[in-house]
Structures are given as structure tokens and as C-alpha cells.
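Just below is one structure, and these are the notes that go with it.
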Amino acid sequence: MISKWRTDFRIAVSLRLLLIFLTMAAIVWLLQRETPLVFSLVGCSLLLLLQILLLLQSLQKIYLQLEDFFTSLHFQDTTRQIVPVFYQGKKLAQLWQEIQSDMQQLRARNESLLHYYSMLLEKVPVPLVRLHAEKIELLNSAARQLFQHNQLTRVSELNHFGQGFARALTGLQPGDQQLLSLQLPQQTLSLAASATSIQTPEGTNKIISLQVIQRELDRQQIDAWQKLVQVLSHEIMNSMTPIHSLSNTAQDLLASYQQQLATAPQDLATDLLTDANEALVTVSRRSEHLMDFVRAYRTVAQPLHLELRPHALRHLLQSVVTLFTQELERDTISLALDITPEHLEFNTDAAQIEQALINLIKNAIEALREHQAPAAGKHIFLRAYIHPQGKLVIDVEDNGPGIAEDKRAQIFVPFYTSKRTGTGIGLFVVQQIMQAHGGSVNYLALPHGSCFRMMF
């Protein structure tokens with residue numbers, strides 16, 4: 001359609017210019033005659049003037065229609081009609097009708113998408129808010145329900161929901177996550193807040209999601225208490241049952257000894273005393289085990305206090321490896337240390353990190369010791385490097401049998417152990433130390449072995 005209109009327009013203008021050229025040629029011919037024809041010359045001049053005026057008028061009409069066309073296009077006015085005022089104007093009007101049809105379809109599709117995304121945003125169960133400058137907007141029904149349908153427009157109004165709540169919310173940077181407390185008239189909710197940013201014609205807008213995690217926290221707290229009670233009950237009953245039984249046995253033996261002391265032979269009395277003594281020794285041993293458990297529990301329950309200082313990573317790791325030199329030689333286990341780059345330094349509590357590494361290396365040695373040596377020998381690899389995310393990573397890897405899949409979810413649970421002589425607090429202590437440093441520790445199953453990854 002556009003190419004046809006352009007062709008017709010070119011033909012129309014060319015014809016008018018041709019007529020003007022022919023008229024001018026006629027005027028020149030008349031002027032060159034020896035006896036000029038005055039009336040013919042005047043007539044041709046008037047005809048030339050008329051043709052020029054008609055050309056200018058046509059161009060002006062085209063300009064006005066094009067102006068009308070582009071104005072309608074600019075304001076996306078699909079109701080405006082272009083009235084053709086010349087032949088080429090009919091083509092332009094027809095072109096405009098086609099564009100109007102396309103624009104109406106596009107607008108209908110955009111409105112449909114806008115309605116779809118608006119409904120989708122409205123139905124999202126996570127409360128979403130938008131912050132821009134000092135303004136706030138509740139983006140969906142979940143957000144309005146969270147703030148109890150208060151009409152919030154200014155960020156300062158968030159202070160009604162707890163001292164410092166507005167400051168904490170506005171202080172969130174894109175990519176940050178933070179736990180916040182929302183104080184409502186009837187309750188206080190724990191929220192997991194995360195932020196992202198989007199660019200709009202108004203400028204940078206911050207979108208914050210506020211996930212209510214109070215129920216999940218309550219559920220995890222109940223689960224934690226249940227696990228703690230189960231562990232305490234199990235350990236205490238394991239120690240108290242033999243203590244109770246052996247105490248009764250010792251009492252019976254002593255009572256029997258008192259009754260038979262006068263008449264029984266000396267050897268029998270001695271045997272009774274020996275049995276009673278063995279019972280009391282066993283009671284003492286079980287009592288000591290119970291005390292060890294209580295001391296271990298106190299170790300787990302005490303909060304960590306870090307003393308952060310810059311430390312050379314090689315010196316720290318080498319000092320830990322030195323502690324296991326004799327044990328590694330005795331069990332024919334090799335330990336390879338690799339640090340990349342060589343001169344890594346980081347702020348840490350050296351004593352705490354050493355304790356975490358001791359626990360992990362000790363577990364690796366015990367795993368290799370209790371199982372048949374692989375064909376390639378027993379190996380432990382201690383690696384330190386910078387992760388692509390820019391974080392420091394320390395891997396403690398061994399080529400032992402690994403951890404059974406059904407036990408992996410429990411390895412960081414305090415007092416859980418699959419070893420006969422273990423206390424079950426080693427990995428939990430490692431997790432505590434890493435969390436205190438703002439990092440994490442995770443178990444990675446390898447095709448031939450295990451890896452505990454400490455990420456700072």
C-alpha cells in the first residue's frame with residue numbers, strides 16, 4: 001500500500017511539473033518570435049502561474065494530511081478519520097485505516113496482556129511493595145492484607161509497624177535478604193524481605209517481597225524442641241537405666257552381705273563385696289558418661305564470640321595439618337594441601353576455624369580408617385580457592401566410602417552420629433562456626449568419596 005501511494009504521488013507530481021515545463025517552453029518560444037503574440041504570451045503566463053499555484057496547493061494539502069496522519073499516529077488516536085481531499089489523499093486515508101486496524105489489534109492485545117499481568121500480580125501470594133523516593137505502593141492484595149488494608153502512600157508511615165521498620169525496609173539493597181519484624185496490633189510477624197530494582201520512566205524503583213515466615217519458624221522451633229527432647233531422653237535413659245538397675249543390685253548384694261556376715265565363709269563375703277564394687281564402678285562409669293553428655297550439650301548451647309583478625313591462610317591450614325602428622329602416618333593416609341592463589345589472606349577467628357577444620361579432617365581420617373583402603377590408597381585433599389562468586393572456599397575432601405543418602409539430612413543435627421564412639425556434635429559445631437562467620441558448610445557427595453565445603 002505504501003509503495004503504491006508513493007508511486008501514484010510521484011506520477012501526479014511529475015505530470016504537474018511536466019505541464020509547468022511545457023508552459024514555460026511555450027512562453028520562451030513566444031518570446032523568441034520576431035512578432036510576439038501578446039495575448040498568447042499573457043495566456044501562457046497566466047496558465048503557468050495557475051499551474052504553480054495548483055502545485056503549491058496540492059503540496060500544502062499533502063502536508064496538512066501528513067501532519068494530521070502523524071499527529072493521530074503520535075497520540076495513537078484510532079478513532080480519528082482522515083478525509084481525502086485529493087486523489088493521493090484517498091490512498092493515504094486507506095493506509096491510515098489499515099494502520100488504525102493494526103493499532104486497535106495491538107492495543108487490544110496490550111490491554112489483554114496488561115490485564116493478565118495485573119491479575120497475576122494481584123494473585124501472587126507473596127506481599128509485594130514498590131518504593132520510589134519517599135513514596136510506597138502496595139502492589140497486590142497480599143500486601144494490603146499484610147498491612148491490614150491501610151492506605152500507605154509515604155515511607156514514613158511504615159514506622160507505625162515497628163520502630164526502625166521503615167529504615168530497615170528502605171535500607172535493603174537489590175539482591176539483599178533480611179529478616180524483619182512487623183508489629184501489628186494483635187501480633188508480631190517475622191518476615192523474610194528481599195529486594196530488586198527496576199527502571200521506569202519515573203526512575204529507579206525498588207520492589208520488595210515480604211514473605212511471612214512466622215508459621216515456618218514456629219514449625220521449625222517445635223521440630224527443634226522435639227528433636228532436642230528426643231536426644232535428651234535417649235541419652236539420659238541410656239545412662240539412667242543401668243544406673244538404676246545396678247544401684248538396686250548393689251543394695252541387694254550389701255543387704256545379703258550383712259545377713260550372711262556372721263555365718264558365711266570369708267570367701268563368700270569377699271565375693272559379695274567384689275560384686276557390689278563392680279556394680280558401683282559401673283554406676284560411676286555410666287554417671288561419668290552422663291556428665292560427658294551434659295558437658296557436650298553445654299558446649300553446643302554456648303554462643304560463639306569471634307575475635308576477627310587478618311590471617312594468612314597457608315599458615316592457618318598448615319598448622320592444622322601438622323596436628324595430624326603422626327596420625328596420618330600411622331594410618332598410611334596422605335594429605336595434600338593446595339591453596340590458589342598462594343598468598344590468600346582473610347579476616348577470621350583463627351582458633352574457631354582451626355577447630356572446624358580439625359573436626360572435618362578428623363571425620364575424614366575416621367571414615368578412611370574404618371573401611372578398606374581403595375585401590376589408589378587413602379587420600380585427603382585440603383583445598384582453598386576463590387569461588388567464581390568471589391567468595392573464599394575451603395574444601396575438605398576424602399576418597400572414603402561417603403555418607404549414605406538416607407543419613408545426609410541428619411549429619412548436622414546435634415548429637416546425631418553413626419559412629420560407635422562419636423558424640424555427634426562435631427559437624428554441628430562446624431556449622432555454628434561457619435554461621436558465626438557469615439558463611440556456610442555443605443556436604444557434597446562425590447563419585448568416590450566425600451567433600452565438606454566451607455564457603456565464607
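The values are calculated or read from the model by the stated rules, or taken from the named source; none is laboratory data. Here the structure is a predicted model, which means the values were calculated and not measured. Here the Cβ positions follow ideal geometry from the backbone for every residue, glycine too, while neighbour counts run over all protein chains shown.
Listed values, structure above:
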{"read-out": "Qualifying residue in the range 72-86 (condition: of a type in the set (Gly, Ala, Ser), modelled with pLDDT of 75 or more and in the same structural domain as Arg10 (by TED's automatic domain parsing))", "value": "no"}
{"read-out": "Counted residues, the range 309-333 - those being exposed (fewer than 13 other Cβ atoms within 10 Å of the Cβ) and of a type outside the set (Val, Ile, Thr)", "value": "7"}
{"read-out": "The range 92-144: number of residues that are of a type in the set (Gly, Ala, Ser), within 28 Å of Phe75 (Cβ to Cβ) and under 27 Å from the mean Cα position of the chain (by Cα)", "value": "1"}
{"read-out": "Residues satisfying the stated conditions in the range 118-155, i.e. hydroxyl-bearing (Ser, Thr, Tyr) and either within 16 Å of Lys206 (Cα to Cα) or loosely packed, with under 10 Cβ neighbours inside 10 Å (or both)", "value": "Thr153"}
{"read-out": "Any hit, the range 397-420, residues being modelled with pLDDT of 85 or more, in contact with a strand residue (DSSP E or B) (Cβ under 6 Å, 6 or more places away or on another chain) and assigned to a strand (DSSP E or B)", "value": "yes"}
{"read-out": "Strands (runs of 3 or more DSSP E) within the range 109-211 that include 3 or more residues closer than 28 Å to Gln389 by Cα and either of a type in the set (A, V, I, L, M, F, W, C) or at pLDDT below 80 (or both)", "value": "188-200"}
{"read-out": "Search result, residues across the range 309-359 that are closer than 18 Å to Val441 by Cα and charged (D, E, K, R)", "value": "Asp349, Glu354"}
{"read-out": "The range 195-212, residues that are free of Cβ contacts under 8 Å to residues at least 24 places away in the same chain and either among the hydrophobic types (A, V, I, L, M, F, W, C) or under 9 Å from His132 (Cα atoms) (or both)", "value": "Ala195, Ile198"}
